[in-house]
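Values quoted throughout were computed directly from the atomic coordinates according to the rules given, and no laboratory measurement underlies them. Nothing here was measured: the structure is a model prediction, and the numbers come from that model. Cβ placement follows ideal geometry from the backbone for every residue including glycine, while neighbour counts extend to all protein chains displayed.
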Amino acid sequence: MEKFILLPVFVQVLLTSVVMVLMGRRRIAAAKNKEISLSAFRTMNLTGANEQVIATSRNFDNQFQMPMLYLFSVLFTLQLGVADVIYVGLGAAFVLLRVVHTLVHVGSNKVRLRFNVFLLGCVVLWVIWLRLVWQVLAA
């Protein structure tokens, strides 16, 4: 089961990498189109950049927030030897919701939908952590 719990982690890493490449492409295009100056990248002041550039940059930042809590839960689960099919399923659900959140954020950017997907991902993450805490305290 320990191998399988890493599969959602690999997808999360891939997602973060894809968003990074998309962010770079959108920033370069905005600089080429003179929407933002190259000096803006010194302080990452993206004032004047289009919504796609800003949304993609924010999404990339988001990949280092809640997903980090998920990644730590995987490390603890592996360290404690409690990896099972439930953690694999919850991890897959969390990462799938992160993929959907990203598609909405860098695509249509419908705020209500994006928030609902984000909130559902948070609930899944809380379930992971509550289960992990329960297993630690019950041991």
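Could you give the radius of gyration (one decimal) and Dmax (whole number) of the Cα atoms in segment 60-139, in Å?
When restricted to the Cα atoms of segment 60-139, Rg and Dmax are 13.6, 46 Å.
Taking neighbour Cβ counts within 10 Å as the exposure measure, how do I5, I54 sort from fewest upward?
Working: I5 21, I54 16.
Least to most surrounded, the residues fall as I54, I5.
Let me know the charge dipole size of the chain about its Cα centre in debye, to the nearest 20, where only the beta-carbon of Lys, Arg (+1) and Asp, Glu (-1) is charged.
Dipole size: approximately 540 debye.
Please identify the DSSP H helices in the chain that span no less than 30 Å along the helix axis (Cα) and have a mean Kyte-Doolittle hydropathy of -0.5 or more.
Numbers: long enough: 7-32 (38 Å, 1.25); 85-106 (31 Å, 1.90); 111-138 (40 Å, 1.67).
The answer, listed by residue number, is 7-32, 85-106, 111-138.
Consider a paramagnetic label point 7 Å from the Cα of E2 along Cα→Cβ; state which residues of segment 52-89 have an amide N under 15 Å from it.
Under 15 Å, as judged by backbone N against the label point of E2, lie 74-85 of segment 52-89.
Convex hull volume of the Cα atoms in the chain, per residue, in Å³?
Once divided by residue count, the hull of the chain is 106 Å³.
Taking R0 as 41 Å, what FRET efficiency do you get between V133 and V111 from their Cβ-Cβ distance, rounded to the nearest 0.05?
Taking R0 as 41 Å, the efficiency between V133 and V111 is 0.80.
Between R58 and F41, what is the label-point separation in nm under the 7 Å Cα-to-beta-carbon projection?
Label-label distance for F41 and R58, simple model: 2.3 nm.
Summarise the long-distance tail of P(r) for segment 7-51 by giving the % of C-alpha pairs beyond 14 Å.
For segment 7-51, the share of Cα pairs beyond 14 Å comes to 55 percent.
Relative contact order for segment 2-138: what is it in percent, counting Cα pairs under 8 Å that are at least 6 residues apart?
Over segment 2-138, the number comes to 30 percent.
Exposure proxy check: M44, M66 ranked by fewest other beta carbons within 10 Å? Display every interim value, and only then the final one.
On the way: M44 8, M66 17.
Going from least to most buried by this count: M44, M66.
Could you tell me whether segment 92-139 comes out rounded, prolate or oblate from its Cα gyration tensor? Rule is a ≥ b ≥ c as square roots of the eigenvalues, rounded for a/c under 1.5, then prolate if a/b exceeds b/c, otherwise oblate.
prolate
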